[in-house]
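What follows is calculated from the coordinates using simple rules that are stated; it is not laboratory data. What you see is a predicted model, and the numbers here were worked out from it, not measured in a lab. All Cβ positions, even for glycine, are placed from backbone atoms using ideal geometry, and neighbour counts span all protein chains on display.
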Amino acid sequence: MAVEEKRSQGHTLYMQNRKELHLSGVQDVRSFDEQEVVLDTEMGVLIIRGGGLHMGRFTLEKGEIDIDGRVDSFVYTDKMRRGKNGESFFARLLR
């Protein structure tokens, strides 16, 4: 799927009982651990904080991700520093 096609699908965030998140419009995963997940989305950088966070289904081609655990907050920002040499989490993982 072309990048332009993926962008035209938009960005949605569905949260159920502060325990399950279903997102679309995800472009990249910058980092994640049990307390914080940082995602590039079509609407900017999304920072999700909580406890026991776990990344379930992730389909980069469709830009979809599921996250479960206790969600305490989520914040959007337009800019945030990338990891070492500007690489995303998965780029560093697959090196």
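Note on Asp72 and His54: the model spin-label points, each 7 Å out from Cα along the C-beta direction, lie 2.0 nm apart.
Shape analysis of the range 38-82 places it in the oblate category; the axes a ≥ b ≥ c from the Cα gyration tensor give an a/c of at least 1.5, with a/b not above b/c.
A cut-off of 5 Å between modelled amide H atoms, ignoring neighbours fewer than 5 places along the same chain, links Asp28 with Asp40.
Evaluating 6.51 cos²θ - 1.76 cosθ + 1.60 at θ = phi - 60° for every residue in the range 67-78, the Karplus couplings come out as 10, 10, x, 7, 9, 9, 7, 9, 9, 9, 9, 7 Hz, glycine and proline recorded as x.
Scalar couplings 3J(HN,Hα) for the range 26-31, obtained by applying the Karplus form with A = 6.51, B = -1.76, C = 1.60 to θ = phi - 60°, are 8, 9, 6, 9, 6, 6 Hz; x denotes Gly and Pro.
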